[in-house]
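Heads up, the thing below is written out as structure tokens.
The values are calculated or read from the model by the stated rules, or taken from the named source; none is laboratory data. Predicted, not measured: the structure shown is a model, and the values here were computed from it. FYI the Cβ positions are ideal-geometry reconstructions off the backbone, even for glycines, and counts take in every protein chain you see.
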């Protein structure tokens, strides 16, 4: 590199560039926040949905499934499970019917022994998730 | 070893390698569960084993970073650590907390663990990579603060170099950004948005600062190139890292309910994210070519060069592969993501920690500068075994991912998830074989520590042009 | 490259050095131009697919304001050049005066552009309104931030000049600042026709 290119110059680029882009990122974050009410389906964020999200987290569902494409890739995407499984009843029926000891040779979801009220909450959470505006992702019903 | 207190790095490095073995064993378990679905079911279901696999990775890398900092900072600051006792105390707290957390994952159902640790008081569990009980997270913060205090004070009281300063900025950023792990709103979109402030801004932001400074340190020591030159490069590389990486966070905001302009911002800036990694490769090779001496620890130099190349391939090339939003629309949340994750983590962070261990461990074990030639040869074998294995794991997962994307998302008649999984099982089998090879490489690596013999002599490189 | 280079030592041949200014700023300028180029290409590509939408909303932009801004930036660039010439002749006071004048023209740009933004925001326009406004606001705002950064750099140059920090032998700093400012100007010269004028 040229002799004129000093360490002080490189340092200034680091500090200046970082500060510049942190500020830009914060500005975009601010704008994102003002845009979210139109997209994140908050009008349907009921207490039941919040309960469903807590159950989703406390049973580590993300350890096998993905939700809006994030999580593990061992089991199907659930951002559109509400549509794919045919609504709340389909979701609840699937979760309830998982055999305790699994399926020989195949992947199986564990039996979580949820109460009916918990099942309703999970279904409500997946319904709420499916109504978030995700720019048309996933590409099709298979997730 | 120039300073007595550098010795605290040794237990950190040993713990890191031990947990690394655990991580790989659980990786093999989940790899097998991909093809033999009921393997260890219901005793160790996939989600538990995966959580152990990823959490062990994060914890051992943190052990490695901390060990690296404890070794590097006294030498850079030219003084002893402020408190070696605190460093050892924090080592045991972190190790015990980590071990208890992993045992909790394995012995108690996850929901039971959530209940036991009072997750409902401050719910932070059950999000990918942040599965730790809230109490463990608080423990991580305390350990991080004590560590930063120890390292920070040492730097402040001693010689301040660019290497230690950049390391300190990276470690501080790591601790600060982790605080977003405690923010878990009911609103899923906000939850995901700030979750990335931890995950992305760690691995594509502040961790790269840590990576850069450790690499710079090892290159200064092994090549004898003028510190000024290396530090200048370091500044330019980390500047490019943050310039591209911060707005590059946008490549995670395409499909999670955030506004669609992120598809432009994210695509444009993350397309530039390979640049700092490319510069890092040029930098490492350039410095080694301009070396003023031939360091007797050839293995450490090999690891350093390997880091630069593999980080560029894994984080740079495999990241670019699916970062543009029209491509990502199809590849998001597929095995392509898994392929990128494996090579990027190995190439950037696993390898930099192993580079540091390779460089520092001989001195920590009382040698002058390097292990015996026999030991180094074995270590270099392990380098190639692990690196080639990860390349194959990545290639097989990429193959699986391409097929998955085509069959499940792109073809005219998309197939259900599980049907597709069955069709691509052959790739998962091959991945598992590559995984076993990786384990053999890792065991070889550990074996290299137990090979004795006489230390090779340092050689001064022939002066260029002489 | 000479292996005995010691970094940080300035060459005595700076006056005739090419490229002018610090090499680091040129790396930085190239990186910046790359980002803008990608943005411009994305704009052009998207416009191709939405010509009517783009034409319709382009008509809502204030071209007179943009023309004033173009003149402001060009004038600033001229003043910067005068500053460099002054520095080369070793006249620190004159260099500082010309550089401050350039900064003032930059401020004119910021005021006019802010007025434009205020007008848009009053009309309820934001990044999500439509694709055209997304690009218009992103591109111009990104450039707007660069004008601010350019002014900060020029201010550093002007302050150093006031302290008598440059000489006819060593004025790399002035050239460095000038190079960055010309880049900011150049980007606007592409942005102006592309976003405001092209039909």
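Here are the numbers:
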| item | result |
| --- | --- |
| Residue tally, condition within 12 Å of chain A (Cβ to nearest Cβ), surrounded by fewer than 22 Cβ atoms within 10 Å (Cβ to Cβ) and either touching a strand residue (DSSP E or B) at 6+ places or on another chain (Cβ under 8 Å) or under 23 Å from residue A:8 (Cβ atoms) (or both), over region B:196-228 | 3 |
| All positions within region A:61-75 that are farther than 15 Å from residue B:45 by Cα and facing chain B (nearest Cβ under 7 Å) | A:66, A:68, A:69, A:70, A:71 |
| Subset of region C:123-176 [more than 24 Å from residue C:24 (Cα to Cα) and under 15 Å from the mean Cα position of the chain (by Cα)] | C:139, C:140, C:141 |
| Scan of region A:22-55 for residues that are closer than 28 Å to residue B:330 by Cβ and outside any helix (DSSP H, G or I), ordered by number | A:39, A:40, A:41 |
| One residue from B:278, B:283, B:345, B:320 being within 26 Å of residue B:401 (Cα to Cα), assigned by TED's automatic domain parsing to the domain that holds residue B:367, modelled with pLDDT under 95 and within 21 Å of the chain's Cα centre (by Cα) | B:278 |
| Leading residue by the ranking (nearest to residue A:64 (Cα to Cα)) among those in region B:11-68 that are facing chain A (nearest Cβ under 10 Å) and touching a residue at least 60 places away in the same chain (Cβ under 8 Å) | B:47 |
| Residue that is nearest to residue B:332 (Cα to Cα), among those in region A:124-137 that are more than 7 Å from chain B (Cβ to nearest Cβ) and more than 12 Å from the chain's Cα centre (by Cα) | A:136 |
| Listing of helices (runs of 4 or more DSSP H) fully contained in region A:56-143 that carry 3 or more residues being closer than 26 Å to residue B:262 by Cβ | A:81-84, A:116-130 |
| Meets criteria (within 24 Å of residue B:184 (Cβ to Cβ), modelled with pLDDT of 95 or more and at the interface with chain B (Cβ under 7 Å from one of its Cβ atoms)) for residue A:58 | yes |
| Residue A:26, sole failed condition from (1) out of contact with any helix residue (DSSP H, G or I) (no Cβ under 7 Å at 6 or more places or on another chain); (2) without any contact (Cβ under 8 Å) to a residue 40 or more places away in the chain; (3) within 8 Å of chain B (Cβ to nearest Cβ) | (3) |
| Selection from region B:305-317 of residues that are over 14 Å from the mean Cα position of the chain (by Cα) and closer than 14 Å to residue B:223 by Cβ | B:305 |
| Tally of residues being surrounded by fewer than 21 Cβ atoms within 10 Å (Cβ to Cβ), in a loop (DSSP other than H, G, I, E, B) and under 22 Å from the mean Cα position of the chain (by Cα) across region B:96-144 | 2 |
| Residue match in region B:286-293 (condition: in contact (Cβ under 8 Å) with a residue 12 or more places away in the chain and in contact with a strand residue (DSSP E or B) (Cβ under 6 Å, 6 or more places away or on another chain)) | yes |
| Unmet requirement for residue B:258, which otherwise passes all of (1) surrounded by fewer than 22 Cβ atoms within 10 Å (Cβ to Cβ); (2) touching a residue at least 24 places away in the same chain (Cβ under 8 Å); (3) outside any helix (DSSP H, G or I) | (1) |
| Test: residue A:88 is under 22 Å from residue A:126 (Cα atoms), more than 8 Å from every other protein chain (Cβ to nearest Cβ) and either in contact with a strand residue (DSSP E or B) (Cβ under 9 Å, 6 or more places away or on another chain) or crowded, with 21+ Cβ neighbours inside 10 Å (or both) | no |
| Tally, over region B:349-398, of residues that are surrounded by fewer than 19 Cβ atoms within 10 Å (Cβ to Cβ) and within 14 Å of residue B:10 (Cα to Cα) | 3 |
| From the options B:333, B:306, B:319, residue that is part of a helix (DSSP H, G or I) and either within 14 Å of chain A (Cβ to nearest Cβ) or within 30 Å of residue C:40 (Cα to Cα) (or both) | B:319 |
| Condition check for residue A:47: at the interface with chain B (Cβ under 7 Å from one of its Cβ atoms) and either under 13 Å from the mean Cα position of the chain (by Cα) or modelled with pLDDT of 95 or more (or both) | no |
| Whichever residue in region C:119-144 is within 12 Å of chain B (Cβ to nearest Cβ) and free of Cβ contacts under 8 Å to residues at least 60 places away in the same chain and, among such residues, is farthest from residue A:133 (Cα to Cα) | C:141 |
| Which numbered condition residue B:270 fails, given (1) within 19 Å of residue B:349 (Cβ to Cβ); (2) buried (at least 19 other Cβ atoms within 10 Å of the Cβ); (3) within 19 Å of the chain's Cα centre (by Cα) | (3) |
| Residues satisfying the stated conditions in region A:1-16, i.e. at the interface with chain B (Cβ under 7 Å from one of its Cβ atoms) and modelled with pLDDT of 90 or more | A:11, A:14 |
| Single condition residue C:123 does not satisfy, out of (1) farther than 20 Å from residue C:71 by Cβ; (2) touching a helix residue (DSSP H, G or I) at 6+ places or on another chain (Cβ under 8 Å); (3) surrounded by fewer than 20 Cβ atoms within 10 Å (Cβ to Cβ) | (2) |
| Which numbered condition residue A:34 misses (of (1) at the interface with chain B (Cβ under 7 Å from one of its Cβ atoms); (2) at pLDDT below 95) | (1) |
| Meets criteria (within 14 Å of chain A (Cβ to nearest Cβ), at pLDDT 95 or above, under 30 Å from residue B:252 (Cα atoms) and surrounded by fewer than 21 Cβ atoms within 10 Å (Cβ to Cβ)) for residue B:176 | yes |
| Only one of B:63, B:149 that is under 19 Å from residue B:10 (Cβ atoms) and either modelled with pLDDT under 95 or not in a loop (DSSP other than H, G, I, E, B) (or both) | B:63 |
| Only one of B:403, B:439 that is at pLDDT 95 or above and either within 14 Å of chain A (Cβ to nearest Cβ) or more than 23 Å from the chain's Cα centre (by Cα) (or both) | B:403 |
| Whichever residue in region B:232-255 is within 7 Å of chain A (Cβ to nearest Cβ) and more than 25 Å from residue A:15 (Cα to Cα) and, among such residues, is surrounded by the fewest Cβ atoms within 10 Å (Cβ to Cβ) | B:254 |
